[in-house]
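No lab work stands behind these numbers, since they all come straight from the coordinates. Note that this is a predicted model, so its numbers are computed, not measured. Counting neighbours? That spans all protein chains shown, and the Cβs are built from the backbone with ideal geometry, glycine included.
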Amino acid sequence: MKKFIPIVLSAVLAVSLTGCIGSSGPQLPSVNTAEGKDLKKTDASKYKNDLEGLEKYLTDLHYLPEDIQSTEMMHDVIGAKAGERYNFLVDNSAVYVELYEYDTDNMSEEAIRVTGEAKSKGEIQVLSDDAAVFPAILSSNGKYLLMYTDGSTNEGNVTRKKNFTEAVKNFHKS
């Protein structure tokens, strides 16, 4: 059963991505690698220090499309306070992003485990020791967790992922 849940979640993700990208389904919002503002010129402290503020910050940087719709995630599975998933295209490559917010003043054992793994290993295990492992980055203040997947290896997409990650890492850096 423990192995079954990650397999089902992966299958749902694959179907949802292919369904959204298909010619008959709704189109994903998109950005191109030429878009995106300089992180040094955008003051993150002007945004609320919560998941909604982080989303607005990333949208204003043009790292998330303006017309993007998020899907609420089962954040409690990894001990988070809130979590959102975003699907969009970057230069015709499907990108899958999950952002989670933690209450750093009230961390459960699961939250401590997950954020600790993200900080030390750059990946997290979900549900149990034999479950799937996912790449994850923890923000500098320990409040936000990012999971970013883009199958493209072109230079523009790699650079965009690096910049997106840097923006999350340094959002309300303490």
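Restricting the GluC sites (Glu not before Pro) of the stretch 48-101 to loop positions (DSSP other than H, G, I, E, B) with no more than 10 neighbouring Cβ atoms within 10 Å leaves 66.
Taking only C-alpha pairs under 8 Å that are 6+ residues apart, what is the relative contact order of the stretch 86-145 in percent? Answer for the stretch 86-145 is 30 percent. Length available on full extension from residue 56 to residue 127: 0.36 nm per residue minus the Cα-Cα distance, which gives 22.6 nm. Just to confirm the filter: which trypsin sites (Lys or Arg not before Pro) across the stretch 68-174 are DSSP coil and have at most 14 other Cβ within 10 angstrom of their Cβ? Of the trypsin sites (Lys or Arg not before Pro), the ones in loops of the stretch 68-174 whose Cβ has at most 14 other Cβ atoms within 10 Å are 173.
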